[in-house]
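> Supplied in structure tokens, the structure appears directly below.
Please treat every number below as a calculation from the coordinates, not as lab data. All of these numbers come straight from a predicted model, not from anything done at the bench. Note that each Cβ is placed from the backbone with ideal geometry, even for glycine, and that neighbours are counted across all protein chains shown.
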Amino acid sequence: MQQFSIAVVILNWNGKRHLQQFLPSVVENTRDAEVWLADNGSTDESVAFVHEHFPSVKIIELGSNLGFAGGYNKALSMLNHEYFVLLNSDVEVSPHWVEPVLRLLQRDTSIAAAQPLVLDFSRKTHFEHAGAAGGYLDRDAYPFCAGRIFNTFEENKGQYSKNHEVFWASGAALFVRASAYYECGGLDPDFFAHMEEIDLCWRMKGLGYKVFACGDSKVYHLGGGTLNKENPRKTFLNFRNNLYLILKNDFRPWFLLRFLRRLLLDGIAGGRFLLEGKPSFFLAVLRAHFSFYGNLSKTYAKRLSNRKLLRNPNPAGLFRKSILSSYFLKKQQKFSDLNPSDFF
């Protein structure tokens, strides 16, 4: 039996409709990796469907919904591969999508994580929200991407076809070196879902590793498979988890000043939701902050642990300025509009 060094692991929770639509492309176009389904206690016959129609796909039944982070941590602990690919169930992959990213990781052992270009399944000529051509963070830890800043989505014209170092790689199709994954402790289950891949990459960067986007590989992401952007639950997770992210990982000078500024910006965002007639989103921001404060001591303990792990922090991909000001005030709405000298 062929032994694979890389496992493509699809985490599923009641996603039978996505598996029906997208799993065929994964099975057909994944020749150099083993494909696994990790099921988070689904009740929609997802597992039976895969058993019947895709017998080559191996299945791990987790028994209950452990979220993105907890589900992957448990599933990956059962595997013994050199590399993992964390692949969303609503992703269509292109032919030979694994090989270029795998070569990138094999050539440079300092690269801990990488992603393909993430394009929009519904508009395949354009980049998609979740990762696009690789992720960055601004001075206030707001995430943005090459190819997508806020709601401006660039057309793919080959402008990101070269492999390039980024700050974080997308969890929609995240290639990760297993040894680095375990060295930094894996995904944080307290995030449950959203931004846990940024947290993982930030901790890897703290250990001195690099994160890359591979311009020779493409996938197409539907997006919003579990929670769409109009769901207050997603707003809650994004606001709360971004605060987790900052407190755990930001060891730059003037941290406290930046953190207080971020709290103020969150307050402004909540007020804007009220003015727009979206009280449920305002309440989601409020609940996010109460949840964060309720877990403050636990998160601060993680900060202390992360500080001890710092080895040779790699800041490449951090934007020294505010992406809010750049986008809304300076009208720098494409990644190419940003000054390269403003990045580490």
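> What do you get for Rg/Rh over the range 201-337 if you use C-alpha atoms and the Kirkwood form of Rh? Kindly include the intermediate steps, with their values, before the conclusion.
Values: Rg = 17.1 Å, Rh = 17.4 Å.
Computed over Cα atoms, the ratio is 0.99.
> Which one, G206, G270, G317, has the greatest fluctuation when you compute a Gaussian network model over the chain with C-alpha springs under 10 angstrom?
Greatest mean-square fluctuation among the candidates belongs to G270.
> Bin width 10 Å, origin at 0, all Cα-Cα pairs of the range 232-310: what percent of pairs per bin?
19, 46, 26, 8, 1
> Would you calculate a helix-derived [θ] at 222 nm for the chain, using -39,500 (n - 2.57) for each DSSP H run of n ≥ 4 and dividing by the full residue count, to the nearest 500?
Per the formula, -11500 deg cm²/dmol.
> In whole percent, what relative contact order does the chain give with Cα contacts below 8 Å and a gap of six or more residues?
Details: 674 pairs, mean separation 63.9, N = 344.
For the chain, the relative contact order is 19 percent.
> Let me ask another. Can you give the local net charge around V285? Use residues other than it whose beta-carbon is closer than 11 angstrom to its beta-carbon, Lys and Arg +1, Asp and Glu -1.
Numbers: positive: R240, R272, K278, R287; negative: D266.
Charge balance near V285 sits at +3.
> Could I have the simple spin-label model distance between R107 and E82, label points 7 Å from Cα toward Cβ, reported in nm to one decimal?
Those two pseudo-labels are separated by 1.6 nm.
> May I ask for the Kirkwood hydrodynamic radius of the range 1-79, worked out over all distinct Cα pairs and given in angstroms to one decimal?
Values: mean 1/r = 0.0787 Å⁻¹.
After inverting the pairwise mean of 1/r, the radius is 12.7 Å.
> Separate question: Dividing the alpha-carbon Rg of the range 209-270 by 2.2 N^0.38 Å yields what? All intermediate terms of the calculation are to be shown ahead of the outcome.
Values: Rg = 15.9 Å, N = 62, 2.2 N^0.38 = 10.6 Å.
Cα-based Rg divided by the globular estimate yields 1.51.
> Among D140, D108, D188, whose mean-square fluctuation peaks in a Gaussian network model of the chain (Cα, cutoff 10 Å)?
Greatest mean-square fluctuation among the candidates belongs to D108.
> E45 to S5: FRET efficiency via 1/(1 + (r/R0)^6), r the Cβ-Cβ distance, R0 35 Å, to the nearest 0.05? The partial results should precede the final answer.
On the way: r = 32 Å, r/R0 = 0.92.
Efficiency computed from Cβ-Cβ geometry: 0.60.
> For the range 74-153, what D do you get in µm² per second when you plug the Kirkwood radius from alpha-carbon pairs into Stokes-Einstein at 20 °C and 1.002 mPa s?
Working: Rh = 14.6 Å.
It comes out at roughly 147 µm²/s.
> Hey, another quick one. I want to check the label-to-label distance for E61 and E165. Put each point 7 Å from Cα in the C-beta direction and report it in nm to one decimal.
4.6 nm
> Based on the alpha-carbon set only, what is the convex hull volume of the range 143-216 divided per residue, in Å³?
Numbers: hull volume 7.4 nm³, N = 74.
It is 100 Å³ per residue.
> Still on this structure, please answer the following. Where in the range 1-105 are there trypsin sites (Lys or Arg not before Pro) that are in a DSSP coil and have at most 14 other Cβ atoms within 10 angstrom of their Cβ?
On the way: sites: K16, R17, R31, K58, K74, R103; in loops: R31.
Filter output for the range 1-105: R31.
> Specify the inter-centroid distance of the range 123-180 and the range 256-327, based on alpha-carbon positions, in whole Å.
20 Å
> For Q21 and F259 in the same chain, what is the full-extension length gain: residue separation times 0.36 nm, less their Cα-Cα distance, in nm? Walk me through the numbers before you get to the answer.
On the way: separation 238, 0.36 × 238 = 85.68 nm, distance 4.24 nm.
Here the answer is 81.4 nm.
> What is the spin-label model distance, in nm, from R287 to A301 if the labels are put 7 Å beyond Cα along the C-beta direction?
2.6 nm
> Over all directions, average the projected area of the Cα convex hull of the chain and note it in nm².
Numbers: hull surface 67.3 nm².
Result: a mean projected hull area of 16.8 nm².
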